[in-house]
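Working notes for the structure below.
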Amino acid sequence: MGTEVKKAICRWCNARCRVLVYVKDNHLVKVEPDPDRPTPTWPSTKACVRRVMAKEWWDHPDHLKYPLKRVGARGEGKWQRISWDQAFDEIAAKLGEIKEKYGAECVGSTLGTGRTVDEYRSRFFNLFGSSNNCGQGTICHGPRAIMFKALIGWWPYVGADPKSKCYILWGREPSHSWATVWYHIRNCKKEGKKLIVIDPRRDESASIADIHLQIRPGTDCALALGMINVVINEGLYDREFVTSYCHGFDQLKEHVKQYPPKRVSEITWIPVNKIKEAARLYATHKPGAIIDGMGVEHLENNAEYIHARLSLAAIVGNINVPGGEVLSGPHPKALTANEIEAVDLMPEGQKKKMLGSDRFRVYTWPGYDMIQENLKRVWGKRGGVFAFDCQASAPLVYRSIISGEPYQIRALITLGSNPMITQANTKLVYQALKNLDLYVVVDFVMTPSAELADYVLAGASWMERPCIWDGYNNANYLIGGERALPTSIEGEYEHRDDYQIWKELGIRLGQGKYWPWNSMEEVLDYRLEPMGLTFDEFMVKGGVDRPPVDHEAYKKKGFATPTGKVELYSTILERLGYDPLPAYREPAETPISQPELAKEYPYILITGGRHRPFFHSEFRHVDSLRKRHPYPLVQIHPETARKLGIENDDWVWIETPMGRCRQKCQYYDGLNPRVIHAQHGWWFPELPGEEPWLHGVWESNINVCTNDDPGRLNPLLGAWPLRTFLCKVYPVRKTRHL
Ligand SMILES: Nc1nc2c(c(=O)[nH]1)N[C@H]1C(S)=C(S)[C@@H](COP(=O)(O)OP(=O)(O)OC[C@H]3O[C@@H](n4cnc5c(=O)[nH]c(N)nc54)[C@H](O)[C@@H]3O)O[C@H]1N2
Ligand SMILES: Nc1nc2c(c(=O)[nH]1)N[C@H]1C(S)=C(S)[C@@H](COP(=O)(O)OP(=O)(O)OC[C@H]3O[C@@H](n4cnc5c(=O)[nH]c(N)nc54)[C@H](O)[C@@H]3O)O[C@H]1N2
Ligand code: SF4
Ligand SMILES: [Mo]
């Protein structure tokens, strides 16, 4: 066989570039940008160092080839190769036993940032009868997705639209996190469009912005309410849209009287005139789009911030106009991921057992049912992927494993996440994983989480599975990617794709009739059937389908909310027992809320601003990438650092009341001197895997310092904070290690 070229979609980061995978005799040669499907990712695909290292990643000795079973004690690092049949048989038997003895709810799963194919996970768990899936959706995109759906009846899967005249990057730094948006924003600036950046750091976006609001971490909700106050007081809102299409404007108007610019300035550290300037610029340069990110989703007050910022976008008239925030609805024909998740097969009684569904009612079953009913009425389909829009609250899941309260989760399956690094409060996660009866990890390499498992299964990467992508069923477009490489080659490696894994477990647990498709390609044929195409035909036609968006749809059908309007005053939140209007709350751990603690821990810690070339905890083992960024970095204002006797490049301890870890100091004057910014995602694959090392999980992993106390979780969502902690920093005494 000669060289074949497969049209795939890269899932090594969220850009999801369309790429060509060159394959010779079933083996990977290289990954190149796809010139026939270039927009909008072309520049970033071309420049991408991860794409270039594809072969190095694939051939790396750490790349798992076969399923492994633990033979020593948990965490001892002793493993035995087993067959997939043995793995599936034993795991399914154990899951069945737990279900029988304790109930299906005692089995859960952890999700990562959504680069896996989670509709099959959902299907498996819905059929199994457990809704205890938990993970990153609760703090990443999920908050915006569910709040938007509750308040406005769909989530605009916001990229960057060239028709916008003004952007707000709100807690989003695309120069590091989202190359395609960054490329686009820079072009827009050249065309004279306006840019407002709201970020405690002055990074690349802020340096080209018209206005940079250097906000005190954690106070964004107050700022959004203050901007609404200015827009209303100065009459800068869209009267027609507000009168005809918004519910609760008068209540909002009354409510924001509590947030005059002066008070908001005191809360946020932003000068009054800048708050006013930003509100005016945004309200008068239309259409405009707010592109918000993890700077705001990782806050205790995240749901309320989203509510406020959506209200701001609505009253100035930026909803559904071209270049604004556009609700596309689902793809009109193809079956969505949600339609094959089998959500309705989950028994009612089991739904209610989802951990957190009594306390965090928006992001769990009660809210899901209420919200989706409206989406179905207007769009004909539900929105989103269930596994992402409705999750158990992870901090409660880990606590249940340890305490047995309200019941004990006994088995977890981790597929596509690395909770020992990425979940808040690593010590708690560690205790929980150690306490499980069964822990299964599906991954590409031995991560610190995998080291604690009973079974580590060698997962198939995006190159080994086909896909269609529709923005987690939030967008109306489809892009397709072919399977480029076989999932196994006899004598070389044996991987399994997500579909095979969930299906094989499902079949062994009596779900056989629900898994009629033999391969992922067959499921995709089924999903594209309403378009009159097979998956192969779709790919031959280019693998992209972008139906037009009807910007006027809401005028005919109304918004998919109970009132049919944008709910500034939310009837859903009211029915769920929450404040129907968004209010600012001071985060639990700041110099204002905890002045005593601040004497010992005087600085505000923010974590996890993205850094290239890594993606969360991934790729630390890939030499060509690691050379570009060998160590974890903590950004400290030089004034602060000097006061503490810290030189640029010194190793320093970062300590919170939860714990400490060390990173290298990077002098950074783009921060307020009272704020410290530490990277996340760090472990050292080169250090031993067995305990106590676990590949250096305790060395530089900032989640040792983060706090997921249930009292701090967002009351609507159960989301945990990853930014805004009190900390101190001090030099590390020189050691031989590191
Ligand atoms: N302190 C702090 N913590 C954070 C953040 C922060 O800003 N600060 N950010 C949070 C956010 S937004 C997110 S999304 C999370 C990310 O959290 P995670 O998703 O847990 O992080 P990743 O490192 O991407 O972990 C993914 C793991 O899955 C594996 N993997 C990748 N693709 C596949 C696949 O296709 N199949 C299988 N089987 N495995 C795969 C990778 O090898 C890796 O080990 O981290 C969160 N954690
Ligand atoms: N290179 C790389 N790219 C990635 C990822 C990666 O791990 N590496 N992860 C991907 C994932 S899953 C996600 S979710 C996205 C996230 O990408 P982004 O949404 O851009 O998130 P971050 O870079 O974590 O944070 C954005 C900004 O928030 C600021 N910030 C911190 N605290 C606050 C606050 O209280 N208020 C405000 N307004 N801002 C604050 C930080 O200073 C930072 O500049 O990136 C994706 N892209
Ligand atoms: S890793 Fe590179 S090629 Fe892959 S999706 Fe991200 S930017 Fe695109
Ligand atoms: Mo994320």
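Data overview
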{"item": "Given (1) outside any helix (DSSP H, G or I); (2) outside the structural domain of Val385 (by TED's automatic domain parsing), number of the condition Met147 does not satisfy", "result": "(1)"}
{"item": "Wholly within the stretch 478-585, helices (runs of 4 or more DSSP H) carrying at least 1 residues that are within 22 Å of Leu127 (Cβ to Cβ)", "result": "498-508, 520-528"}
{"item": "Pair list, Cβ < 8 Å and 6+ apart or interchain, from the stretch 633-649 residues that are outside the structural domain of Arg202 (by TED's automatic domain parsing) and at negative phi to residues that are surrounded by fewer than 19 Cβ atoms within 10 Å (Cβ to Cβ) and in a helix (DSSP H, G or I)", "result": "Asn648/Pro638"}
{"item": "Filter pass, Arg186 being surrounded by fewer than 19 Cβ atoms within 10 Å (Cβ to Cβ), under 30 Å from Trp12 (Cα atoms), free of Cβ contacts under 8 Å to residues at least 24 places away in the same chain and of a type in the set (D, E, K, R)", "result": "yes"}
{"item": "Cross-chain or 6+ apart pairs with Cβ under 8 Å, the stretch 58-73 first and among the hydroxyl-bearing types (Ser, Thr, Tyr), then assigned to a strand (DSSP E or B)", "result": "Tyr66/Arg81; Tyr66/Ala458; Tyr66/Tyr493; Tyr66/Glu494"}
{"item": "Unmet criterion (only one of (1) in contact (Cβ under 8 Å) with a residue 24 or more places away in the chain; (2) surrounded by fewer than 21 Cβ atoms within 10 Å (Cβ to Cβ); (3) not assigned by TED's automatic domain parsing to the domain that holds His184) for Met354", "result": "(2)"}
{"item": "Scan of the stretch 199-241 for residues that are among the β-branched types (Val, Ile, Thr) and either without any contact (Cβ under 8 Å) to a residue 60 or more places away in the chain or assigned to a helix (DSSP H, G or I) (or both), ordered by number", "result": "Ile208, Ile215, Ile228, Val230, Val231, Ile232"}
{"item": "Filter result (surrounded by fewer than 24 Cβ atoms within 10 Å (Cβ to Cβ), within 15 Å of ligand 2 (Cβ to nearest atom) and in a loop (DSSP other than H, G, I, E, B)) within the stretch 156-181", "result": "Tyr157, Val158, Gly159, Ala160, Glu173, Trp178"}
{"item": "Residue check for Gly681: within 30 Å of Gly72 (Cβ to Cβ) and either hydroxyl-bearing (Ser, Thr, Tyr) or touching a Gly at 6+ places or on another chain (Cβ under 9 Å) (or both)", "result": "yes"}
{"item": "Selection within the stretch 5-16 - more than 15 Å from Ser461 (Cα to Cα) and either of a type in the set (Val, Ile, Thr) or free of Cβ contacts under 8 Å to residues at least 40 places away in the same chain (or both)", "result": "Val5"}
{"item": "Sole residue being more than 16 Å from ligand 4 (Cβ to nearest atom), hydroxyl-bearing (Ser, Thr, Tyr) and touching a helix residue (DSSP H, G or I) at 6+ places or on another chain (Cβ under 8 Å), chosen from Ser624, Ser617", "result": "Ser624"}
{"item": "Single residue of the stretch 83-140 satisfying the filter (among the β-branched types (Val, Ile, Thr) and within 25 Å of the chain's Cα centre (by Cα)) that is nearest to Ala15 (Cα to Cα)", "result": "Thr113"}
{"item": "Residue satisfying condition, being over 25 Å from the mean Cα position of the chain (by Cα), at pLDDT 95 or above and not acidic (Asp, Glu), within set Tyr569, Tyr584, Tyr578", "result": "Tyr569"}
{"item": "Among the candidates Thr447, Thr414, residue that is under 19 Å from the mean Cα position of the chain (by Cα), within 28 Å of His60 (Cα to Cα), of a type in the set (Ser, Thr, Tyr) and near ligand 1 (Cβ under 9 Å from one of its atoms)", "result": "Thr414"}
{"item": "Hits in the stretch 307-338 (condition: free of Cβ contacts under 8 Å to residues at least 60 places away in the same chain and not polar (S, T, N, Q))", "result": "Ala313"}
{"item": "Options Glu504, Glu522, Glu482, Glu492; residue that is of a type in the set (D, E, K, R), touching a Lys or Arg at 6+ places or on another chain (Cβ under 6 Å) and more than 25 Å from Trp154 (Cβ to Cβ)", "result": "Glu482"}
{"item": "The listed residue being within 16 Å of ligand 1 (Cβ to nearest atom), in the same structural domain as Leu299 (by TED's automatic domain parsing) and buried (at least 23 other Cβ atoms within 10 Å of the Cβ), out of Asp203, Asp199", "result": "Asp199"}
{"item": "Residue under evaluation Val385, criteria (1) within 19 Å of the chain's Cα centre (by Cα); (2) at pLDDT 95 or above, criterion not met", "result": "(2)"}
{"item": "Among the candidates Leu111, Leu151, residue that is within 15 Å of ligand 1 (Cβ to nearest atom) and either crowded, with 24+ Cβ neighbours inside 10 Å or at positive phi (or both)", "result": "Leu111"}
{"item": "Residue satisfying all of: in the stretch 73-112; in contact with a Cys (Cβ under 8 Å, 6 or more places away or on another chain) and either closer than 18 Å to Asp497 by Cβ or among the aromatic types (Phe, Trp, Tyr) (or both); farthest from ligand 3 (Cβ to nearest atom) among these", "result": "Ser109"}
{"item": "Selection from the stretch 601-610 of residues that are more than 6 Å from ligand 2 (Cβ to nearest atom) and surrounded by 18 or more Cβ atoms within 10 Å (Cβ to Cβ)", "result": "Tyr601, Tyr603, Ile604, Leu605, Thr607"}
{"item": "Sole residue being assigned to a helix (DSSP H, G or I), modelled with pLDDT of 95 or more and either at positive phi or away from ligand 1 (no atom under 16 Å from the Cβ) (or both), chosen from Glu4, Glu97", "result": "Glu97"}
{"item": "Single residue of the stretch 617-639 satisfying the filter (surrounded by 21 or more Cβ atoms within 10 Å (Cβ to Cβ) and of a type outside the set (A, V, I, L, M)) that is farthest from Ser461 (Cα to Cα)", "result": "Gln635"}
{"item": "Residue that is farther than 29 Å from Phe538 by Cβ, modelled with pLDDT under 95 and away from ligand 4 (no atom under 16 Å from the Cβ), where the choices are Val71, Val107, Val49, Val117", "result": "Val49"}
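The values are calculated or read from the model by the stated rules, or taken from the named source; none is laboratory data. Just so it is clear, the model here is predicted, and its values are computed rather than measured. Because the Cβ atoms are built from the backbone with ideal geometry, glycine has one as well, and the counts that use them run over all protein chains shown.
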